[in-house]
1. Residues to consider are 106, 134; find the one that is touching a helix residue (DSSP H, G or I) at 6+ places or on another chain (Cβ under 9 Å), at pLDDT 70 or above and surrounded by 15 or more Cβ atoms within 10 Å (Cβ to Cβ).
2. Residues 117, 95: which one is at negative phi, of a type outside the set (Val, Ile, Thr), part of a helix (DSSP H, G or I) and loosely packed, with under 12 Cβ neighbours inside 10 Å?
3. Any residue in the range 178-195 that is over 10 Å from residue 65 (Cβ atoms) sitting within a Cβ distance under 7 Å of a residue that is among the charged types (D, E, K, R) and part of a helix (DSSP H, G or I)? List the pairs, counting only those 6 or more apart or interchain.
4. What about residue 160, is it among the acidic types (Asp, Glu) and modelled with pLDDT under 80?
5. Within the range 46-79, how many residues turn out to be farther than 24 Å from residue 184 by Cα, in contact (Cβ under 8 Å) with a residue 12 or more places away in the chain and loosely packed, with under 15 Cβ neighbours inside 10 Å?
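The values are calculated or read from the model by the stated rules, or taken from the named source; none is laboratory data. Quick caveat, the model's predicted, so the values are computed rather than measured. Heads up, the Cβs are rebuilt from the backbone with ideal geometry, glycines too, and the neighbour counts pull from every protein chain shown.
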Amino acid sequence: MLVELLTLLSENQGLSEAIPCWTGSGFSTVQRQRRELQLLMVELKDREMELNAMAASHHQQHQAWEQDRQRALVLEQRCARLDEELRKRNEVMRAVTKHVCVVESREREVQMELSKAKQKLCEAEPPTNTHTHRHCDIICLSSTGMALSTQVGSLRVREEELSAVLKLKDKDVTEASGRTLELTGRLRDLDAALTQSRSQENKLFKDSEENKRRYKETKHEVNQLRGIS
């Protein structure tokens, strides 16, 4: 549209040459309108440059907004995967902790039974067969206690490993959440900038329409003056 206006203005730059050399108010009016046309032409060129720059800036902002939106979607998907993995590991952690509690309880029971058996053995001297039987029971209980202690140790090591993994996952989730918040804020800023750009673009468009109207009115006045001549 601006290019069309500029072309029309260029075609009418020689209006003064086509109008006879008048004297008095008629010549002054033509000269004034010619100056107005020249100023309007310069203003339209400036508006065209502003609109082109605004369109380029708007396109760049839209591309940046789209890139940030894609990154935000990727981070949201990653957060969802990390949350699901964290939930599963928490379930495993709870199961292991429960199992550790059961094993520790069983170990305490075995230790209590072993202690009672040793105490009874010290209190009275039983017959040989009974003594041998109790001695075997004590050995069996001791072996069971050692096995349970070993199992508890292994479970505690596993618990520590899972705790370390959970800490790392928590850190990843925190970082991803922070990045998501950062991108969300940036998207809001870009949306505001796009809104402002559209507002400025609409204002420039209205100014261009007003300049076009003024140009038509001026051209009409010049044509009327030419008709009078």
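1. After applying the criteria, what remains is 106.
2. After applying the criteria, what remains is 95.
3. What qualifies is 180/76; 183/68; 183/71.
4. Here the answer is yes, as residue 160 does meet what is asked.
5. Of the residues in that region, 1 qualify.
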